[in-house]
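Below you'll find the structure, written out as structure tokens, and then a few comments.
Quick note: the coordinates plus some simple rules give every number you see, no bench work behind them. Remember, it's a predicted structure, so these values are computed and weren't measured experimentally. All Cβ positions, glycine included, derive from the backbone under ideal geometry; neighbour counts span all protein chains shown.
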Amino acid sequence: MYRLIEFLRRTYVTILFVILEIVAISFYARSTYYTQARLLSRANTVTGGISTAISDIGKYFSLGRENALLTERVAQLEQELTMYRTVMADSLAIREAAELQYEYIPARIVSNSINRTRNFMTLNRGLRDGVTTDMAVLSPSGEAVGYILACSERYSVALSILNTSFRTGGKIVGDDYSGSIEWDGVNPHKVQMHELSKYADIKVGAEVVTSGFSHYFPAGMLIGTVESFELDRTQTSYDVVIRLAVDITKLYNVVLVKNIGLGEAVQLEEEAEHKIYD
């Protein structure tokens, strides 16, 4: 109680001043209609500024949902583009329906390891969503990210391109020679391409894309750009360092690509292999 009295004794002048200011402003605000309109205009300006700030904050936190919607739209557009390409390629043939080679499914990464030599991604899509093993995983803008290894009803696990067990075929844009893409487990922003013929037309800055020779990725999916290259010890092929086009460490949304004819192709290859070795 003593502290309260002491506080009021020290600050009563300030408190009295504030009270008198409030009373004076109140009388001033009611003096004329012009004054009331002016004060209301100022109040609306302040309120509008606060509302705008709150709206901007809300928009910021809704970016995740908007990105997910954009990724889903990308998958739909890729599906339509594949259909149009098929129709145009076979425009002279009579078909009841266009046979699509690839199917696209949007997904979100719920877990992504990046600090190991064998990294994996867990996605929020599974068997009930049409996901199967061996599907390619791409970024929303179409860069190679990994491929599906296992599925449950609601989730799937993908082998990341940042995994020392990852392998796929790659080539320089505009060149026919291909090499093997893999990761050495060191830098999460770079992968390597080996066994690229010394006759390949290669230069720093050239784009590297999937060759289409693996069962996972469609041809032409961007992997990255050439950062450096040199002939290997045999002097017959290049060892190439590639800077990834997508930052795997910041990836959130992805698109899964299913090769519809993969099962048939694999079965045919197995039958041919059995005929050779039986």
Rg/Rh of the range 99-171 (Cα atoms, Kirkwood Rh), to two decimals, equals 0.96
Scan around HIS215 for amide H atoms under 5 Å from its own, H built in the peptide plane at 1.01 Å from N, and keep only partners 5 or more places away or cross-chain.
-> none
Going from the fewest other Cβ atoms within 10 Å to the most, one would list LYS190, LYS203 as LYS203, LYS190
Calculated from backbone phi, Karplus (6.51, -1.76, 1.60) coupling profile of the range 244-250 in Hz, x at Gly/Pro = 4, 6, 10, 8, 4, 5, 10
For the range 203-219 versus the range 114-161, the gap between their alpha-carbon centres in whole angstrom | 19
Amide H neighbours of THR168 under 5 Å, at least 5 residues apart or on other chains, H built in the peptide plane: list them.
-> ILE181
Using a 10 Å cut-off on Cβ atoms, rank the peptides 206-213, 194-201 from the highest mean neighbour count down.
-> 206-213, 194-201
Which of the residue pairs LYS171/LYS198; LYS198/LYS258; LYS171/LYS258 have a Cα-Cα distance greater than 23 Å in the structure shown?
-> LYS198/LYS258
Give me the number: length gained by fully extending ARG108 to SER228, i.e. 0.36 nm times residue separation minus the C-alpha to C-alpha distance, one decimal in nm.
-> 39.9 nm
For peptides 114-121, 221-228, sequence by mean Cβ density within 10 Å, most packed first = 221-228, 114-121
The exposure ranking of ARG243, ARG125, fewest beta-carbon neighbours within 10 Å first, is ARG243, ARG125
Using all Cα-Cα distances in the range 168-246, what percent lands in each 10 angstrom bin from 0 up to the longest?
-> 21, 58, 20, 0
